[in-house]
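J.: Pasting a structure here, questions to come.
Laboratory data are not the source of any read-out in this text; all were calculated from the coordinates shown. Since the model is a prediction, treat every value here as computed from it, not as a measurement. Because the Cβ atoms are built from the backbone with ideal geometry, glycine has one as well, and the counts that use them run over all protein chains shown.
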Amino acid sequence: AFDMETDSLDALHANLVGIAIGVDPAEGYYIPVGHVAGNPTQLPLETVQAALQPIFTDPNIAGYAHHAKYDLAVLNAHGFTLTNLRFETMIAAYLLNETSMRLKDLAFTRLGREMTEIVQLIGTGRKQLTMDLVDSDDAGDYAAADVEVTFELAEMFRPEIAAAGMEQLLYEMEQPLVEVLLDMEKTGIAVDVPYLETFSEE
């Protein structure tokens, strides 16, 4: 499982602060690359790219993510390519009719796990911090928990999707749309303005 920590909700303009990698429901790791608080000694982004790029493109590794479109946009903007996304837990939660698609809510309702909310790290209002100003150890604990839960939810949802007969819907329709929507956001779409103006007048 993978998750990006950044300094903005705008994925196309966010600065990468850290990358979390989860290898099972109880083992998550955090690689800080853009913190200015906590541990100022961090790996250069180029070093992290060299280490993770083979993992992100290995067809024998199944990548899990929650809200993958955001993470992929951030990765792409920072020179990474990820081609082995196999299971998107937010989409799966939607198909399974979960009442909330939020990772924290799913962790509580499906796993009985209460997670740290982001506002507990960055605060609110005028004193709200960006993630790069959060201590890297605290951010690491937060991010590692995210990928651990994502991994556990993916392992839980996969057989449920299969039992519901929705594998084709998820794997062949919904998940491929992530890349399509991401490309549309990056490049935009062509619009026939004169036609729309005429249509509006009619």
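J.: For the peptides 66-73, 47-54, what is the packing order when you average, over each peptide's residues, the other Cβ atoms within 10 Å and list the highest mean first? Don't skip to the answer; put the middle values down first.
T.: Values: 66-73: 22.6, 47-54: 13.9.
Ranked by mean Cβ neighbours within 10 Å, highest first: 66-73, 47-54.
J.: Per-residue ellipticity at 222 nm for the chain, helices alone: DSSP H runs ≥ 4 residues times -39500 (n - 2.57), over residue total, nearest 500 deg cm²/dmol?
T.: Helix-only estimate at 222 nm: -14000 deg cm²/dmol.
J.: So for the chain, taking the charge dipole from beta-carbon charges (+1 Lys/Arg, -1 Asp/Glu), which of MET101, TYR142, ASN84 sits furthest toward the positive end?
T.: Farthest towards the positive end: TYR142.
J.: For the chain, what is the charge dipole size about the Cα centre, in debye to the nearest 20, if Lys and Arg each add +1 at the Cβ and Asp and Glu each add -1 at the Cβ? Before the final figure, lay out the partial values.
T.: On the way: 10 positive and 34 negative charges, 64 e Å.
Magnitude of the dipole: close to 300 debye.
J.: Here is a follow-up. Taking neighbour Cβ counts within 10 Å as the exposure measure, how do TYR30, TYR94 sort from fewest upward?
T.: Details: TYR30 22, TYR94 13.
By the 10 Å Cβ count, ascending, the order reads TYR94, TYR30.
J.: I'd like the FRET efficiency for ALA51 and THR99, computed as 1/(1 + (r/R0)^6) with the beta carbon distance as r and R0 of 41 Å, rounded to 0.05.
T.: Details: r = 39 Å, r/R0 = 0.94.
Step by step, r from the Cβ atoms, then E = 0.60.
J.: For the chain, how big is Rg over Rh, using alpha carbon atoms and the Kirkwood form of Rh? List each step's numbers first, then the result.
T.: Details: Rg = 18.5 Å, Rh = 18.2 Å.
For the chain, the value is 1.02.
J.: In nm, what is the difference between 0.36 nm times the number of residues separating GLU27 and ASN15 and their Cα-Cα distance? Before the final figure, lay out the partial values.
T.: On the way: separation 12, 0.36 × 12 = 4.32 nm, distance 2.54 nm.
Once the chain is fully extended between GLU27 and ASN15, it gains 1.8 nm.
J.: Something else about it: Would you mind counting up the charge near THR109? Only other residues with Cβ under 14 Å from its Cβ, with Lys and Arg at +1 and Asp and Glu at -1. Display every interim value, and only then the final one.
T.: Working: positive: ARG102, LYS104, ARG110, ARG113; negative: GLU98, ASP105, GLU114, GLU152, GLU160.
Charge balance in the 14 Å sphere: -1.
J.: Whole Å is fine, so just give me how far the alpha carbon centre of segment 5-38 lies from that of segment 57-111.
T.: So the two Cα centres are separated by 14 Å.
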